[in-house]
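Below: the structure, in structure tokens.
Derivation of every value follows stated rules applied to the coordinates shown; laboratory data play no part. Note that the structure is predicted; figures quoted are calculated from it, not measured. Cβ: placed from backbone, ideal geometry, glycine included. Neighbour counts: every protein chain shown.
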Amino acid sequence: MEWREHVAAEKRASFANHEYWGRPVPGFGDPGARLVLVGLAPAAHGGNRTGRVFTGDRSGDWVFRALWRAGYANQPTSVSADDGLVLTGAWVSAAVRCAPPANKPTPAERDACLPYLGRELDLLTEVAVIVALGRFAHEAVCALLGVRPRPRFAHLAEHPLADGRTLLCSYHPSQQNTFTGTLTEAAFDAVFARARELEGLRPAPAPPPEGPSSSSS
């Protein structure tokens, strides 16, 4: 809590004129979602600034381009909470709700925030697939749902849950993974293609070409 508020007060120079959200960041999307994405935590100058998870940061650029290509989003970019982004059939959330120092939340922060994720999942009654973005989110979802023994984490690993849903794993679209090639756009797209299969949906139609404002970061 102290860190998120410190960041909101001591702004990055490039966002000096922005009004930072500086509070816990909720999930958002389609209340009838059959797909839920669970990330790590809001970025200090992304969700902590914009008030919407994965919005205004490099990881979010990857997330929403992929959701757009897979047919879950109406546009490939997410720069602010009022930019017109609409998700269809998908909900985006995070294991931790406040921006943590060095983007490394503690187990205590995770445990304190898990009830909020649990409440969202309780309300999203149509969910068929939960995509865990990274090992931390995978462990958080397993802890929340009481999955024992905890199944292995690997990109595209999938685990049927006792309630009929499927836990699907993906590398997190962090710069550490995307800049090094650990996660490529093709590998990320494969996650959402598999999610559609698990939902019983046809492959998404090819999206229109991206405009200049939605070029890769």
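With 0.36 nm allotted per residue and the present C-alpha distance subtracted, the Arg135-Leu123 stretch has 1.9 nm of extension available. Look at where the Cα atoms of region 85-142 and of region 187-201 average out, and the two centres are 19 Å apart.
Take every DSSP beta bridge whose two residues both sit in the chain; close to 30 percent of them are antiparallel.
Site pair Ala190 and Gln176 shows an inter-label distance of 2.2 nm when each label is modelled 7 Å from Cα along Cα→Cβ.
Sorted ascending by nearby beta carbons within 10 Å, beginning with the fewest, Phe28, Phe188 become Phe28, Phe188. On full extension, the segment bounded by Val86 and Arg150 gains 19.7 nm, given 0.36 nm per residue less the C-alpha separation. Ordered by the number of other Cβ atoms lying within 10 Å of each residue's own Cβ, fewest first, Thr182, Thr166 fall into the sequence Thr182, Thr166. The value for the chain of Rg(Cα) / (2.2 N^0.38 Å) is 0.96.
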